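Engineer: Before I ask anything, here is the structure I am working with.
The values are calculated or read from the model by the stated rules, or taken from the named source; none is laboratory data. Just so you know, these numbers come straight off a predicted model, no measurement behind them. Virtual Cβ from ideal backbone geometry, glycine too; neighbours counted across all protein chains shown. Surface areas here come from the heavy atoms of the whole protein model, side chains and all, with no ligands, DNA or RNA. Shrake-Rupley method; radii C 1.70, N 1.55, O 1.52, S 1.80 Å.
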Amino acid sequence: MATPTVPVPALRDHATRLRAAAGLDEAPIASAAGLWLLLASVAEVVEPPDRAVLEDVLGVGAAEATALATALLADPHPAVGAALGGWLKPGLTLARALPGPVAVEPLPGQDVLDAWAAAHTRGLIERFPVEVDERTLLLLASALVTEPRWRRRLGTDADGLLLLDGELQAIVATEAAGPVAVASPPSGDDIDVLSVIAAPEVPAADVWQAVDEVVARHLGGTLAHGDRPAGALADGHAWRVAEGTERFEAWGAPEDGAEVWTGRLPAWKAEAEHDLTEAPGVAETGRGLGALLPPEATARGIDLQCVQAATASYDADGFRAAAVTAMSVRAAGMPSYVERRVARVTVTYDRPHALVALARGGAWEGVPLFHAWVRP
């Protein structure tokens, strides 16, 4: 059976919708792919009419989405770490196993979840983005991380900006944002990191549409270093053109009249946490997962939470980014109460007393692990 092909335009459209719905156009760092992977991995549990909504969000059918998520994890990119996790409250059983690549384990404590996030983001994210409590029934998460290194370390100018000489730099005329400048330091990890700048008055949403145009050209093989609009190149919103005489090493020196490009890029680092509970496809997926839980656990309904923690840095050596996206299905509301007549017995331990801690199960059954003499 052939490996399904990832629908890049569908993922691009999903990212656009997510930025608009969650107000992420100006977020310091986010991963639409992290949410897409999470939703796609369990898409087949979502029933009509929610399934049609989710399929529109994902850009592919539910079965294909789950197959794609499975294939991505089965055939990992050498420079991308990807993981999916699932945890169920002990004592509960799902009506049927999740059909995708998520292995469901007993819900652990917060420290174990924090360790999972750190392990699958190479230590870039140390805290799991969702807190668990006694009402947490089911928890799903995705993790993505990449750390491409530039083939050649970038220099720094007197202003502290990183210097990119040559490589992939261009000025692209876009429909959404007019002319934009593009810079991409080459890496040896099959990861392309493109920086795109538009005029300052262009809204962020339009810049993202321009980025989509640039990416489409890049992936289509029609974006090359030195590309620019036809005619004489003049100063623009982010670039200056100056003719003059410079000194170069003889070997590899440009010809007279050639254009020599230098990009001045900032080094930066960002961390962000995004509430994606209202993001497209999340509610539909939550209802599909809730339907798999025992009716008695969801008798008062469910509360759904979806949060993403993301971090990234860009420096002279390369780019690092990681995201953990978590979806929590919790029992909704407060428990109901009834009145009963009881005989209450109260024992007060307000003087010295003993304590013993016993192990249970397997070869450790009954082993006293700790003894204590408690002095209140």
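Engineer: Can you name every residue in the stretch 130-159 that is small (Gly, Ala, Ser) and closer than 19 Å to Leu73 by Cβ?
Structural biologist: Kept after step one, since they are small (Gly, Ala, Ser), are these residues of the stretch 130-159: 141-143, 155, 158.
Ala141, Ser142, Ala143, listed by residue number.
Engineer: Within the group Ala250, Ala238, which residue is farther than 27 Å from Val6 by Cα and at pLDDT below 90? Even if it seems obvious, please write down each step before you answer.
Structural biologist: Working: Ala238 fails: at pLDDT below 90.
Of Ala250, Ala238, the one residue that is farther than 27 Å from Val6 by Cα and at pLDDT below 90 is Ala250.
Engineer: Let me ask another. How many residues, within the stretch 111-149, are in contact with a helix residue (DSSP H, G or I) (Cβ under 7 Å, 6 or more places away or on another chain), open to solvent by 30 Å² or more (accessible area, probe 1.4 Å) and not in a loop (DSSP other than H, G, I, E, B)?
Structural biologist: Residues flagged as in contact with a helix residue (DSSP H, G or I) (Cβ under 7 Å, 6 or more places away or on another chain), open to solvent by 30 Å² or more (accessible area, probe 1.4 Å) and not in a loop (DSSP other than H, G, I, E, B) within the stretch 111-149 amount to 1.
Engineer: A further question on this structure: Could you tell me whether any residue of the stretch 4-17 is within 19 Å of Thr146 (Cα to Cα), surrounded by 15 or more Cβ atoms within 10 Å (Cβ to Cβ) and modelled with pLDDT of 95 or more?
Structural biologist: The answer is no, given that none of the residues of the stretch 4-17 is within 19 Å of Thr146 (Cα to Cα), surrounded by 15 or more Cβ atoms within 10 Å (Cβ to Cβ) and modelled with pLDDT of 95 or more.
Engineer: Within the stretch 221-276, count every residue that is within 41 Å of the chain's Cα centre (by Cα) and among the hydroxyl-bearing types (Ser, Thr, Tyr). I'd like the intermediate steps shown before the answer.
Structural biologist: Let us first name the residues in the stretch 221-276 that are within 41 Å of the chain's Cα centre (by Cα), namely 221-230, 233-241, 259-276.
So of that shortlist, the ones also among the hydroxyl-bearing types (Ser, Thr, Tyr) come out as 222, 262.
So the count comes out to 2.
Engineer: Just give me the residues in the stretch 245-259 being among the small types (Gly, Ala, Ser) and either in contact (Cβ under 8 Å) with a residue 24 or more places away in the chain or at positive phi (or both), in sequence order.
Structural biologist: Let us first name the residues in the stretch 245-259 that are among the small types (Gly, Ala, Ser), namely 250, 252-253, 257-258.
Matches in the stretch 245-259: Gly252, Gly257.
Engineer: From the list Gly100, Gly34, which residue is under 17 Å from Gln305 (Cα atoms), crowded, with 17+ Cβ neighbours inside 10 Å and not hydrophobic (A, V, I, L, M, F, W, C)?
Structural biologist: On the way: Gly100 fails: under 17 Å from Gln305 (Cα atoms).
Selected residue: Gly34, the only one of Gly100, Gly34 that is under 17 Å from Gln305 (Cα atoms), crowded, with 17+ Cβ neighbours inside 10 Å and not hydrophobic (A, V, I, L, M, F, W, C).
Engineer: Can you list the strands (runs of 3 or more DSSP E) lying wholly within the stretch 255-325 that have 3 or more residues being open to solvent by less than 30 Å² (accessible area, probe 1.4 Å)? So that I can check it myself, show each step before the final result.
Structural biologist: Details: elements: 262-265, 268-275, 302-314.
Per the criteria, 268-275, 302-314.
Engineer: Now for a different question. Can you name the residue in the stretch 205-221 that is over 14 Å from Pro9 (Cβ atoms) and among the aliphatic types (A, V, I, L, M) and is also surrounded by the most Cβ atoms within 10 Å (Cβ to Cβ) among such residues?
Structural biologist: Ranking the qualifying residues of the stretch 205-221, first place goes to Ala210.
Engineer: Which residues, counting only those in the stretch 115-141, are out of contact with any Phe, Trp or Tyr (no Cβ under 9 Å at 6 or more places or on another chain) and touching a residue at least 24 places away in the same chain (Cβ under 8 Å)?
Structural biologist: Hits for the stretch 115-141 are His120, Thr121, Arg122, Leu124, Ile125, Arg127, Pro129, Val130, Asp133, Arg135, Leu137.
Engineer: Right, Val214: part of a loop (DSSP other than H, G, I, E, B) and within 26 Å of the chain's Cα centre (by Cα) or not?
Structural biologist: Working: part of a loop (DSSP other than H, G, I, E, B): no; within 26 Å of the chain's Cα centre (by Cα): yes.
No; evaluated as a whole, the condition is false for this residue.
Engineer: Condition (residue is closer than 26 Å to Thr298 by Cβ, part of a loop (DSSP other than H, G, I, E, B) and in contact with a Lys or Arg (Cβ under 7 Å, 6 or more places away or on another chain)) applied to the stretch 102-110: is it met by at least one residue?
Structural biologist: Within the stretch 102-110 (the criterion being closer than 26 Å to Thr298 by Cβ, part of a loop (DSSP other than H, G, I, E, B) and in contact with a Lys or Arg (Cβ under 7 Å, 6 or more places away or on another chain)), the answer is yes, since at least one residue qualifies.
Listed here are the residues, each with its yes/no results for (1) of a type outside the set (Phe, Trp, Tyr); (2) crowded, with 18+ Cβ neighbours inside 10 Å; (3) within 19 Å of Gly288 (Cα to Cα).
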| position | (1), (2), (3) |
| --- | --- |
| Ala43 | yes, yes, yes |
| Pro49 | yes, no, yes |
| Leu54 | yes, yes, yes |
| Val60 | yes, yes, yes |
| Glu64 | yes, yes, yes |
| Leu73 | yes, no, no |
| Gly86 | yes, yes, yes |
